[in-house]
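None of the figures in this text is laboratory data; all of them are computed from the coordinates on show. Just so it is clear, the structure is predicted and the values come from calculations on it, not from any experiment. Note that each Cβ is placed from the backbone with ideal geometry, even for glycine, and that neighbours are counted across all protein chains shown.
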Amino acid sequence: MRSALRISLGDYINPARVLAYSLTRTELALYTKGYNSPMSPNLHEAIRREHNATVEAVQDAQARAVNVGELLLEVRETMEPFAWIRWLDTKCPIPKSAAHRYLNQARMLRKVA
């Protein structure tokens, strides 16, 4: 007879990894290693779909960051250095450090292209 693993509320176990409190120790060990998982057989498809969505979001964010950098470069190239800093402080709603990171990304892309 197998002994059931009892889980108290004080134990930390990821609820996404434990679906039922009635799993035996052996079943829990196999489940946490990914063997004989009681999860849906289509779980790998959901993981792949979420991973692809994450990759697309990162690529979109990178493209947008370069676009912001290009726009900032346009403004900076038309101004004197101190005027640029004043403009950034008064007109642009982003921190200076972020603006400089955007500028650097746009410059690096210009060097590569």
*Name the residues of segment 43-72 whose amide N is less than 11 Å from a point 7 angstrom out from the Cα of LEU103 along the C-beta direction?*
72
*Neighbour-count order for VAL68, VAL75, VAL112, VAL55, fewest beta carbons within 10 angstrom listed first*: VAL112, VAL55, VAL75, VAL68
